Each structure stands twice: as C-alpha cells, then as structure tokens.
Amino acid sequence: MSFNLLKGKKGIVFGALNPDSIAWKVAVRAHEEGAQLTLTNTSVAMRMGETQQLAEKLGTIAIPADATNMEDLSNLFTQSIDHFGGKIDFILHSIGMSPNVRKERHYSDLDYNYLNKTLDISAVSFHKVLQTARKMDALNEWGSVVALSYVAAQRTFFGYNDMADAKALLESIARSFGYIYGRERRVRINTISQSPTVTTAGSGVKGFDRLLDFAERMSPLGNATADECADYCITLFSDLTRKVTMQNLFNDGGFSNMGMSLLALQQYEKGLHHDCDCGPANDQHIYD
Ligand SMILES: NC(=O)c1ccc[n+]([C@@H]2O[C@H](COP(=O)([O-])OP(=O)(O)OC[C@H]3O[C@@H](n4cnc5c(N)ncnc54)[C@H](O)[C@@H]3O)[C@@H](O)[C@H]2O)c1
C-alpha cells in the first residue's frame, strides 16, 4: 500500500545487490511511495549482482561507486543531481563487508589489513558519503540519511567478529556528523539496528542460522524482516520524522531489551536434555 510519503523526494540507495538485499526492498518501497531514485553499488557487485536490473525495473539509473573512494562518491553525487535536476533528500547506506569474517579469521587473531578494510567499507564509508555530500552541498534542508546497523555494536555476539567494531563506529559517526549536519543544514542522520535477516552479507556471519532462530525466539514480536526494515526506512526519509536525528533505532521485534524468553529457554532445555542427564525444570511457569 502506498501513502505517497516520499512524493517529490529524491534519494540515493547504496547496496541493492540482489532481491534479498535490504537495500533492494527499501528502493522498491521508496519508489512505491513516490520517490525518484538513483541506485549505486561497486562495479564488481554491478557485474555479479542485479543492481542494474532493479534500476531498469524502477525506471532509473545505477551508478557504479566504491563507497570508500572519494572520487567515485563525488561522481555519484554529480550524476545523481544531474539525473534529478536538483539536490537530494535522502540517502540509504546499506553496506557491510568484513574480509576477516570471509576468511574466517578469529577475533583474537585478526589480520589488521583486513580490519582496516572492514572499518573502511562498513563504517568510514558512511563518513565519506556524508563528507562528500556536505562539501558538495548535495542535500536539501531537512534531508534524511540512514545507515543500517546491528545490536552487536552494543553487546557481544558469537561469530560477529570485527563487524561489531565497525557497527559501533558507524553508529558513532551518525551521532557526530548528525550534530554538524543538523546544526548547519537541518539534515538528520540515524542508524537502524535491524534483526538478523537472510541476505548475502547476513549469511556470511558464523552460525547465522542459529542466530536467526535464537533472535526469533527471544523477540516478543519475532525478527523484523527486510520488508519491515524498508517500511521503517521510509518513515525516516519522510517528513513525519523531521526531529529524529543522531539516534540508533532498533527494528528488532524487541530483541535488544530482552534477557531471556520462554521460547529460547525451552529450546535451551531441549539441548540440556540431549547433552546430560539433568532433568527438565519441573516448574514451567517460573519461566514466563
Ligand atoms: N542481513 C542481516 O542480518 C543484517 C542485520 C543488521 C544489519 N545489516 C546491515 O544491512 C546492510 C545491508 O546488508 P544486507 O544484509 O542487505 O546484505 P547485502 O549483501 O545484500 O548488501 C551488502 C551490500 O554492500 C555492498 N558493498 C560491499 N562493499 C562495498 C563498497 N566498497 N562500496 C559500496 N558498496 C559495497 C555490496 O555490494 C552489497 O550490495 C549492511 O550494513 C549490514 O551489515 C544486515
């Protein structure tokens, strides 16, 4: 259903690799809500993935850019402004990659060149996008910029590795730049901390299937889907959230405020049964 929430607005969406990508769903929803868009991804992702096909479907262009490369970013903004015939109202940063995760380097045995890449691609690129936009004065007043994060920025998760450090930095950049851009140009900057979601990047995390199941059992509302994340992004790009800035906003079905749930505990008990002779807890209701 469309509410025309983004009618007349123009945005850049980073990171739509394939139909599973969160950015893909955001681009489709933003288009439905009346926005004009340009899409962007790395040249390699554009060759291997389906960014170009999505651009055709949405009647727009896909502009290759490595989000860590300042020249690529300034070309992206120039081409987008040309395409729209005006400045930009919203940006989605939906980018994450860790060579340490990919190469299965343990967190206590990181390759520091890889770590630099993780941080550059997954966090510093957000600063580079914002710095380029500000220097080019590419965003309209009351513009909105959103990056996608994960709760491992605040709490430790097995297997999330150096991406946890990248997400902590990403969220900090949203606050620090949010102050400057808000004060000067009324541009708001937020991160959305999303539930585990089945995508190419998500599935790279060690033990991802179990993490997905655990989060589902722990969250009173269940995991938020990519479509639900897209809906939340639309509200943040819209004029309905003009005073929301410098926030990390959880779209996670309640997971981040849970300690233990009945469903997770029941699953844990099954494991205990399996591993040892300790009997089941005999007073079920104490776990409610
Ligand atoms: N999937 C999850 O469980 C989950 C949960 C919380 C947050 N997130 C975050 O959501 C965002 C999107 O990830 P996704 O899950 O949709 O996976 P995805 O693999 O579909 O998207 C990641 C995108 O990053 C792009 N990318 C990588 N390096 C880049 C670079 N140098 N320049 C520009 N783009 C680059 C990839 O090409 C890809 O399009 C990421 O920030 C991710 O950390 C994902």
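For Gly222, work out the one condition from (1) crowded, with 16+ Cβ neighbours inside 10 Å; (2) at pLDDT below 95 it doesn't fulfil.
Going through the list (1) crowded, with 16+ Cβ neighbours inside 10 Å; (2) at pLDDT below 95, Gly222 breaks only (2).
Can you find a residue in the range 237-245 that is crowded, with 21+ Cβ neighbours inside 10 Å and either within 11 Å of the ligand (Cβ to nearest atom) or at pLDDT below 95 (or both)?
No, the range 237-245 has no match at all.
Across the range 187-197, what is the total count of residues that are near the ligand (Cβ under 7 Å from one of its atoms) and in a loop (DSSP other than H, G, I, E, B)?
So the answer is 3.
Hey, can you tell me all the residues within the range 91-112 that are in contact (Cβ under 8 Å) with a residue 12 or more places away in the chain and either within 16 Å of the ligand (Cβ to nearest atom) or in contact with a Cys (Cβ under 8 Å, 6 or more places away or on another chain) (or both)?
Within the range 91-112, Ile91, Leu92, His93, Ser94, Ile95, Gly96, Met97, Ser98, Pro99, Asn100, Val101, Arg102 meet the criteria.
Quick one: Val205 ticks every box in (1) under 26 Å from Gly49 (Cα atoms); (2) among the hydrophobic types (A, V, I, L, M, F, W, C); (3) at pLDDT 95 or above except a single one, so which number is it?
Failing condition for Val205: (3).
Within the range 202-258, work out how many residues are assigned to a loop (DSSP other than H, G, I, E, B), closer than 30 Å to Asn4 by Cβ and touching an Asp or Glu at 6+ places or on another chain (Cβ under 7 Å).
Looking only at that region, the number is 3.
Before we move on, is Val26 modelled with pLDDT of 95 or more, part of a strand (DSSP E or B) and closer than 26 Å to Asn223 by Cα?
When the stated conditions are applied, Val26 does not pass them.
One residue is enough: does the range 55-68 have a residue meeting the conditions in a strand (DSSP E or B) and in contact with a Lys or Arg (Cβ under 8 Å, 6 or more places away or on another chain)?
No, that holds for no residue.
For a quick check of your reading of the model, give me the residue pairs whose first member lies in the range 186-211 and is of a type in the set (Lys, Arg), whose second is outside any helix (DSSP H, G or I), with beta-carbon atoms closer than 6 Å and at least 6 apart or on different chains.
Final answer for the pair search is Arg186/Glu141; Arg186/Trp142; Arg188/Ser144; Arg188/Thr245; Lys206/Gly159.
Please verify whether the range 70-82 includes one or more residues that are within 14 Å of the ligand (Cβ to nearest atom) and assigned to a loop (DSSP other than H, G, I, E, B).
no
Specify which of the listed residues (Glu184, Glu171) is within 12 Å of the ligand (Cβ to nearest atom), among the acidic types (Asp, Glu) and at pLDDT 95 or above.
Glu171
Specify the residue that is farthest from Leu130 (Cα to Cα); the eligible residues are those in the range 141-168 that are polar (S, T, N, Q) and within 16 Å of the ligand (Cβ to nearest atom).
Per the stated criteria, the residue is Thr156.
Please count how many residues of the range 29-54 are near the ligand (Cβ under 8 Å from one of its atoms), outside any strand (DSSP E or B), touching a Pro at 6+ places or on another chain (Cβ under 9 Å) and not aliphatic (A, V, I, L, M).
The number of residues fulfilling the criteria is 2.
The values are calculated or read from the model by the stated rules, or taken from the named source; none is laboratory data. Owing to the predicted nature of the structure, the values given are computational and were not obtained by experimental measurement. Using ideal geometry, Cβ is built from the backbone for each residue, glycine included, and neighbour counts are taken over all protein chains shown.
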